[in-house]
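Read through the structure below, which is laid out as structure tokens, and then see the notes.
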Amino acid sequence: MKLAVWYEFGKPAVIEDVNIDPVSPGKVKLKIMATAICGSDIHSVKGEHGECPLPVLAGHEIAAVVEEVGEGVTYVKPGDHVVASLVKAGCGQCHYCITGRPHLCPKGKQEFKLPSCYTLKDGTRPTATGGPLVGFAEYTLAPEECLIKIPEDMPFDVASLLGCGVISGFGAVLYAAEVKPFESVLVMGTGGVGLNAIQGARFVGAHPIIAVDTVDSKLEAAYDFGATHTINIKKEADPIAKVMEITEGEGADYAFVTVAGIEPKRQAFSMLARNGKQVVIGHGVGEMLSDFDVVEFVGGKTMTGSAMGRARTRVDIPNIIKLYKAGRYKLDELISHRYPLEKINEAMEEVENGGALRNVIVF
């Protein structure tokens, strides 16, 4: 089987022929049909996610068909269509699960730096640095609790978006911020995650919905997903004043920062209302909040994080699919291009350079 491997940070991937381990208890062998490219994949292969051993395997927005199940697996069977997500379903028995917060389940904790399920031709075993899933491959082994069943008529390329980017943006609005109708929302960064935050804001009835980015084409797309106003932060002379103008001097009730870097977090925080809340989604290595004054928080502003939208994957993903089928949620429009595995370097470069919303590797 074929697999993309990064032997050096910041260098192109190499397509290798590899062997895959037998299916172990609790694991599921997946025949991957499509894997979307997430910004965190790009960070991983560039060595920007902290200390990551080489070689690197990546890809976690996966849509697949179950080919084989290990001992003890009961949720899926061979032939089932699934989405795989880094957010596990949870144990169903702990305090967090029974109170409706399975994303906090200790047994469902996201795992990192796990041994991969692949062996290269020379006998070495690369390490999957992005979690228990490896999607830029023809097959993978996944924990049962990472899987979400989807309808057989759901297109695989579209379904692949659901495991991370969609729930990260949509869930942040619904669960991390709990935005209410008529509250104002600002989204900093209008890539795949940001556009889904915009969709979430439109879904709950927020107004106005302000999209902020540096790429005009992405800002134009933001209108289609529900933005009422856009700001190109590179071209606007005083973007903070512009937000105040749009919000009639109040500032935004909520700001969702989907990009890495302290500067956009600092800017978005300055665009908040006096008691506004900032939700941090995008992040980089070693970012320190030294640019923030404690007095700003005393005044009423708050900041929180949102990993993977705090999603309940086996509830939220099927519900989003229902909205999609009813024409109430945009997914097809998120995909810019589809590439074969052999062109993964080209596909990732286009995403990194801002030329695509989401590119998908199809098998």
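The values are calculated or read from the model by the stated rules, or taken from the named source; none is laboratory data. Since the structure is predicted, the reported quantities are computational estimates derived from the model, not experimental observations. Glycine gets a Cβ as well: all are built from the backbone with ideal geometry, and neighbour counts include every protein chain shown.
Structural remarks
- On the stretch given as segment 272-313, residues that are touching a strand residue (DSSP E or B) at 6+ places or on another chain (Cβ under 8 Å), assigned to a helix (DSSP H, G or I) and surrounded by fewer than 19 Cβ atoms within 10 Å (Cβ to Cβ) total 1.
- Members of segment 52-104 that are over 17 Å from the mean Cα position of the chain (by Cα) and among the charged types (D, E, K, R): 67, 68, 71, 77, 80, 101
- Residue match in segment 247-266 (condition: over 19 Å from residue 306 (Cα atoms), in a helix (DSSP H, G or I), basic (Lys, Arg) and assigned by TED's automatic domain parsing to the domain that holds residue 303): no
- Residues of segment 1-30 that are small (Gly, Ala, Ser) and touching a Pro at 6+ places or on another chain (Cβ under 9 Å): 26 alone.
- Helices (runs of 4 or more DSSP H) wholly inside segment 153-227 containing at least 2 residues that are of a type outside the set (S, T, N, Q) and in contact with a Lys or Arg (Cβ under 9 Å, 6 or more places away or on another chain): 165-171, 192-204, 216-225
- Candidate set from segment 336-363 (those that are in contact with a Leu (Cβ under 7 Å, 6 or more places away or on another chain) and not in a strand (DSSP E or B)); member that is modelled with the highest pLDDT: 363
- Of the set (1) surrounded by fewer than 17 Cβ atoms within 10 Å (Cβ to Cβ); (2) modelled with pLDDT of 95 or more, all apply to residue 263 but (2).
- Test: residue in segment 240-260 that is touching a strand residue (DSSP E or B) at 6+ places or on another chain (Cβ under 6 Å) and of a type in the set (Lys, Arg): yes
- Some residue of segment 153-163 being at pLDDT below 95 and among the aliphatic types (A, V, I, L, M): no
- Scanning segment 87-104 for residues that are under 14 Å from residue 316 (Cβ atoms), part of a loop (DSSP other than H, G, I, E, B) and either hydrophobic (A, V, I, L, M, F, W, C) or out of contact with any strand residue (DSSP E or B) (no Cβ under 8 Å at 6 or more places or on another chain) (or both) turns up 87, 89, 90, 100, 101.
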